[in-house]
1. Which FRET efficiency value, to the nearest 0.05, do you get for THR96 and VAL386 by plugging their Cβ-Cβ distance into 1/(1 + (r/R0)^6) with R0 = 35 Å?
2. Which whole-number value in Å² is the accessible area per residue of the range 95-217, probe 1.4 Å?
3. Scan around LYS396 for amide H atoms under 5 Å from its own, H built in the peptide plane at 1.01 Å from N, and keep only partners 5 or more places away or cross-chain.
4. Over the range 236-332, with the other protein chains present, what is the accessible area per residue in square angstrom, probe 1.4 angstrom?
5. List the residues, sorted by chain then number, that are 5 or more residues from VAL346 or on another chain and whose placed amide H is less than 5 Å from its amide H.
6. Rank-order 395-401, 363-369 by packing density, defined as the average count of other C-beta atoms within 10 Å over each peptide's residues, highest first.
7. Using a cut-off of under 16 Å, list every residue of the range 154-173 whose amide N is near the label point 7 Å from the Cα of HIS220 along the Cα-to-beta-carbon line.
8. Where does each of 209-220, 378-389, 251-262 land if you order them by average Cβ count within 10 Å, highest first?
Amino acid sequence: MTRLPIPACILIPLLLAGCATPQPAAPPATPMFPRPGVGAPASLTCPSPAEISPTVPENLAPPSPGHLVRTDFSQLPHWDQGLSPATWNAFLESCTRLSQNTPWSSLCQQAISLGAFDALTMRRFFERAFDPWQVLNPDESAQGLITGYYEPLLQGSLTRTTVYRFPLYGPPPDLLTIDLGDLAPDLKGRHLRGRLVGNRVVPYFSRAEIELEDGPLTGHELLWVDDPIKLFFLQIQGSGVIQLQDGRRLHVGYADQNGHPFRSIARYLVQQGQLSLSQASMQGIEAWARAHPQDLQTLLNQNPSFVFFRLLPPDLPGPLGTLGVPLTGQASLAVDTRVIPLGAPVFLSTTWPGRNQTLDRLMMAQDTGGAIRGAVRADFFWGFGVEAEEAAGHMKQTGQLWLLYPRGVQPPTAH
């Protein structure tokens, strides 16, 4: 991956020619798989030409996806029942990244001094040290879409065979990452991805181009697996475990992405009349794909976004999220960092996948995802294994979010 510092007077015309048009956010009722990758940047697509002009005006910042309103703990449904050892461990993991920053350092020191989990001690700690802020959408509504993700297990090989013939790729050397913050401060944190053709920056290869026989990334394979459907879902989840024939397990995680917008194959199947809304879960899509192998590549190509992987340390207790700490099953959350800062505690009120039973839980904002865009929008990490896969695949719930922020400090997006 190469970071390309180009003067604005040269880069802007190239960007207008090389950007992919981002897709509008899906409404909550539309089924979709939420992630191009664990640890993915919060913004994976190019700004549209309307967002960039040759003069680079000062008001290029996109409109806020929502805001925060201060409330109190009595407004959090079943607050006293939403605390768990997993949440406490996840908070201590967040502290390994936050403890060097004001105002988190003293709070993290206090938390570490409290020792092992105790529900009453934990509740009192959060009530003394934090203020709750309800997350609201731009229209002041409090409900949003809550989806789920997990860490999948695939069968793989270090070399290509007749069985293991579907590649995971590492980041290609010709992939350029352009930091728009170098051009205008209002674009800090936004990136473009592309490649050089002569002296022009053009979009990077799409999924359809990458997956051609003898495609442009031949020679950059990291591993090979036996199942193209599970490989696609691995890209959606962003990290996973590859079990080799000798019994070894390799952990892989998100390394980069090709810069194309994420598009939902679930939505495509519904629009084509192949699945109903109720059937458009991960399990439903997999069943359709296995029943229509001749149409599989056409289906996958509807999502031009493509994820590149890297090998992770073998002793990690979970996949690494954007915060840079291992994720904790049923305690880590992926959020839109334009509203919710990474590492912060977030109280979630939703329902269990496919059921009306309430699911109220304190979690930690430790990850992002390319489709996790919007204020009241989150992705619930279920962990590893068959049960986690089942829950994540069926989770398309409505829910509410409350940010817990250090007491007396106003979050950046608060009213």
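The values are calculated or read from the model by the stated rules, or taken from the named source; none is laboratory data. On a predicted model such as this, the values are computed, not experimentally measured, just so you know. Methodologically, a virtual Cβ is constructed for each residue, glycine included, from the backbone with ideal geometry; neighbour enumeration extends over all protein chains shown. Side chains included, ligands, DNA and RNA excluded: accessible areas come from the protein's heavy atoms. Shrake-Rupley method; radii C 1.70, N 1.55, O 1.52, S 1.80 Å.
1. Working: r = 30 Å, r/R0 = 0.86.
Once the sixth-power term is evaluated, E becomes 0.70.
2. On the way: 5970 Å² over 123 residues.
Each residue of the range 95-217 exposes 49 Å² on average to a 1.4 Å probe.
3. Result for LYS396 returns GLY354.
4. Heavy-atom accessible area per residue stands at 40 Å².
5. MET363, MET364, ALA365, LEU404
6. On the way: 395-401: 22.3, 363-369: 29.4.
Top to bottom by mean Cβ count within 10 Å: 363-369, 395-401.
7. It comes to 167-173, nothing else.
8. On the way: 209-220: 13.1, 378-389: 21.0, 251-262: 23.5.
Most protected by this proxy first, the peptides run 251-262, 378-389, 209-220.
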